[in-house]
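Enquirer: Sharing a structure with you now.
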Amino acid sequence: MAVDSSSGVNLNDVIANSGVKSGSQNKSSTNAATGGQALGKDAFLQLLVTQMQHQNPLDPQDNSEFVAQLAQFSSLEGITSLNQSVSAITSAMASSQALQASSLVGRSVIVQNDKAVVDTSSSFNAQFVVPQNTSEAKITITDKDGNTVKTIELGEQKAGYGDFIWDGTNDKGEKVDPGTYTFTATTTVDGKAVQMNTLLPAKVTSVSFNSTGEMVLNLAGVGKVSLSDVQTIGI
């Protein structure tokens with residue numbers, strides 16, 4: 001039985017007949033697109049099977065070409081599986097973040113800030129960062145109007161973290177009203193006043209996520225801070 005050798009086609013012929021652009025318009029047939037969609041694994045396999053069915057029996061496709069095409073299909077399958085795994089991990093992380101976020105509401109965290117909402121009926125405990133050993137340090141507390149409420153002398157401090165406690169009274173020993181207060185830690189270095197960072201507690205009122213998916217805490221009297229800016233999470 002005579003065989004028409006003109007019936008032999010290759011993958012590029014099948015792509016051309018299917019309307020997928022190739023040649024100079026694309027770097028490779030496997031990266032071609034049809035109808036504005038990427039050539040996926042199903043389309044790739046269909047084209048490969050079609051090529052096998054229509055190859056010229058007098059001049060069959062070279063085995064090495066088939067092996068290369070199968071290798072491309074295997075790589076495509078692996079990439080697809082990897083994408084699915086990454087999507088599943090991303091979804092799991094989002095769920096974990098949401099669960100973590102819900103557990104933070106109502107808890108106290110320590111952040112680098114100079115303002116805090118203080119319930120003056122109990123002692124207020126906080127810290128400050130000492131850049132180097134110093135012979136003196138003090139904390140100046142001011143109210144929302146900028147008036148100095150109290151100055152706490154702390155004396156000699158070693159490099160690291162220093163602690164201070166405010167009992168909620170002013171310089172006259174009188175209890176002040178609860179509210180938002182500013183805490184300024186200063187020391188003297190080479191005869192010049194140097195301001196030090198303060199680490200103050202704040203209560204988490206709500207949690208949200210920014211455009212990049214990072215968790216953002218809304219703190220009473222402070223505003224929004226990233227979870228990465230939190231020094232300590234308390235009760």
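Quick note: the coordinates plus some simple rules give every number you see, no bench work behind them. Because the structure is a prediction, the values reported are computed rather than measured. FYI the Cβ positions are ideal-geometry reconstructions off the backbone, even for glycines, and counts take in every protein chain you see.
Enquirer: Of the peptides 188-201, 78-91, how do they stack up when ordered by the mean number of other Cβ atoms within 10 Å, highest first?
Expert: Ranked by mean Cβ neighbours within 10 Å, highest first: 188-201, 78-91.
Enquirer: Please report the spacing between the Cα centers of the range 173-235 and the range 151-170 in Å, no decimals.
Expert: So the two Cα centres are separated by 16 Å.
Enquirer: Counting pairs of alpha carbon atoms under 8 Å apart in space and at least six apart in sequence, what relative contact order in percent does the range 112-201 give?
Expert: Contact order relative to length: 44 percent.
Enquirer: Same structure again: Give me Rg over Rh for the range 112-201, both radii from the alpha carbons and Rh done the Kirkwood way, two decimal places.
Expert: Over the Cα atoms of the range 112-201, Rg/Rh equals 0.96.
Enquirer: For the range 143-156, just list the computed ³J(HN,Hα) in residue order, Karplus coefficients 6.51, -1.76 and 1.60, θ = phi - 60°, integers in Hz, with x standing in for Gly and Pro.
Expert: 8, 5, 8, x, 7, 6, 8, 7, 10, 9, 7, 10, x, 5
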